[in-house]
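A short worksheet on the structure shown next.
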Amino acid sequence: MNSSDDQLKVGLFGIGLEAYWEQFAGLRDRLVGFTDQVSGKLESSRVKVVNLGLVDTPEKSFAAGHEFRKADVDLIFLHVTTYALSSTVLPAVRRARVPVIILNLSPAPAIDYERFNRLGDRTKMTGEWLAFCQACPVPEIANVFNRCRIPFFQVTGTLDDDPVAWAEISDWVEAARVAHAMEHNRLGVMGHYYGGMLDIYSDLTQQCSCFGGHIEILEVEELAALRRDVSEADANRKVTEFRAAFDVQPDCSEQEL
């Protein structure tokens with residue numbers, strides 16, 4: 001089924017506290033840069049990232065929730081950039097009603113403590129710590145999401161040089177792509193079940209309820225009539241599409257396809 005917009009759309013936002021920015025020079029720009037870095041890694045010709053930047057007040061969180069819903073995102077990545085109150089996080093995801101992936105990604109494997117100890121200024125040291133405290137608010141956010149029955153998952157790792165974490169993130173993108181495809185799928189059903197084999201009977205209403213899409217019930221005569229209208233060029237185009245989308249066994253002939 002053709003969708004008006006078949007490109008997968010994922011939401012992304014970072015979090016923080018507005019009160020921090022006047023206290024810790026450069027912290028906000030640094031955190032925005034972290035989220036932009038995540039956005040760049042997610043963006044591709046097959047994925048559109050709706051990046052709402054840093055959400056640091058309840059007002060911005062409510063606005064983000066409306067934006068995500070308006071953009072019709074399939075998945076939201078919550079990038080935990082620093083500590084933030086859960087009250088500034090919940091409205092952004094609650095309204096969208098899509099799964100949330102919490103990105104607990106540190107900018108580096110550890111703080112450079114030699115450099116940190118040379119800062120010689122408690123305010124600067126606190127600002128540096130805040131740039132590395134991604135794990136701090138994750139339990140609070142998880143607690144709230146559980147109590148609000150918001151489906152979420154967590155990826156822990158680093159922004160760079162972490163193939164395991166980024167492979168997991170890619171897997172979530174691909175899972176969302178499958179769900180998106182199923183939501184806009186057009187499925188043909190023909191024939192009947194073998195009598196008595198109750199374990200294989202399907203509930204087409206449940207199929208539509210769980211996965212979306214549309215189911216067209218066909219009779220053999222209808223399919224035969226449709227086949228007569230297919231030109232050789234149409235068939236060749238579809239075979240080319242099959243070979244691009246699937247791993248076709250070498251012993252599968254063009255005629256069988």
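The values are calculated or read from the model by the stated rules, or taken from the named source; none is laboratory data. Just so you know, these numbers come straight off a predicted model, no measurement behind them. Don't worry about glycine lacking a Cβ; one is built from the backbone with ideal geometry, like all the others, and counts go over all protein chains shown.
Test TRP166 against the stated conditions and say whether it is assigned to a helix (DSSP H, G or I) and either in contact with a Pro (Cβ under 9 Å, 6 or more places away or on another chain) or on the phi > 0 side of the Ramachandran plot (or both).
Here the answer is no, as TRP166 does not meet what is asked.
Could you grab the pairs with beta carbons closer than 7 Å, sequence gap of 6+ or different chains, first residue in region 228-241 and within 16 Å of GLN255 (Cβ to Cβ), second one aliphatic (A, V, I, L, M)?
VAL239/LEU257
Show me the strands (runs of 3 or more DSSP E) entirely contained within region 37-129 in which 3 or more residues are under 19 Å from GLU140 (Cβ atoms).
75-79, 100-106
Among the listed residues ALA181, ALA175, which satisfies the condition of being within 30 Å of GLY33 (Cβ to Cβ) and either among the small types (Gly, Ala, Ser) or not assigned by TED's automatic domain parsing to the domain that holds GLU22 (or both)?
Step by step, each of ALA181, ALA175 is checked, and only ALA175 is within 30 Å of GLY33 (Cβ to Cβ) and either among the small types (Gly, Ala, Ser) or not assigned by TED's automatic domain parsing to the domain that holds GLU22 (or both).
Looking at region 55-95, which of its residues are surrounded by 22 or more Cβ atoms within 10 Å (Cβ to Cβ) and in contact with a Gly (Cβ under 6 Å, 6 or more places away or on another chain)?
Across region 55-95, the qualifying residues are ASP56, PHE68, ILE76, HIS79, THR81, THR82, ALA84, ALA92.
Criterion first (part of a loop (DSSP other than H, G, I, E, B) and either of a type in the set (A, V, I, L, M) or in the same structural domain as ALA63 (by TED's automatic domain parsing) (or both)) does PHE132 satisfy it?
Against the criterion (part of a loop (DSSP other than H, G, I, E, B) and either of a type in the set (A, V, I, L, M) or in the same structural domain as ALA63 (by TED's automatic domain parsing) (or both)), PHE132 qualifies.
Being part of a helix (DSSP H, G or I), among the hydrophobic types (A, V, I, L, M, F, W, C) and modelled with pLDDT of 90 or more is the filter here, so list the residues in region 182-200 that pass it.
Result: MET182, single match.
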